[in-house]
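The values are calculated or read from the model by the stated rules, or taken from the named source; none is laboratory data. Computed from a predicted model, the values in this text were never measured in an experiment. When we count neighbours, we look across all protein chains shown, and the Cβ atoms used for this are built from the backbone with ideal geometry, even at glycine. Side chains included, ligands, DNA and RNA excluded: accessible areas come from the protein's heavy atoms. Shrake-Rupley method; radii C 1.70, N 1.55, O 1.52, S 1.80 Å.
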Amino acid sequence: MDKYKRTFLKSKRSFRRRLPPIQSGDQIEYRNMSLISRFISEQGKILSRRVNRLTLKQQRLITIAIKQARILSLLPFLNNEKQFERTESTARTTSLRIRNK
């Protein structure tokens with residue numbers, strides 16, 4: 001019975017409380033690039049509210065700020081890393097074609 005009771009006991013781990021990602025003094029604006037860049041994935045997508053740990057109001061304001069920054073060309077709509085990879089691969093194929101001729 002002793003083993004049986006142990007399985008149902010709650011573990012006594014101490015959980016560290018996470019700090020909110022946006023402090024009370026931070027302004028959510030399109031000009032605040034250091035704040036906005038934390039909520040964008042490597043691909044340039046806006047991260048979800050669950051991932052960001054934001055309130056609904058904060059997520060809406062972040063989304064609006066990101067969209068405004070994209071329109072004003074402060075942020076790219078897409079991450080351009082894939083385009084660079086394609087240009088490198090096309091350069092390799094063209095150099096191979098020149099060597100074969």
**Asked** Of Phe77, Phe39, which has the most accessible area and how do the rest follow, probe 1.4 Å?
**Response** Phe77, Phe39
**Complete:** For the range 17-65, dividing by residue count, accessible area per residue (probe 1.4 Å) in Å² works out to 76
**Fill in**
Once both label points are put 7 Å beyond Cα along the C-beta direction, the Phe77-Glu29 separation in nm becomes 2.6
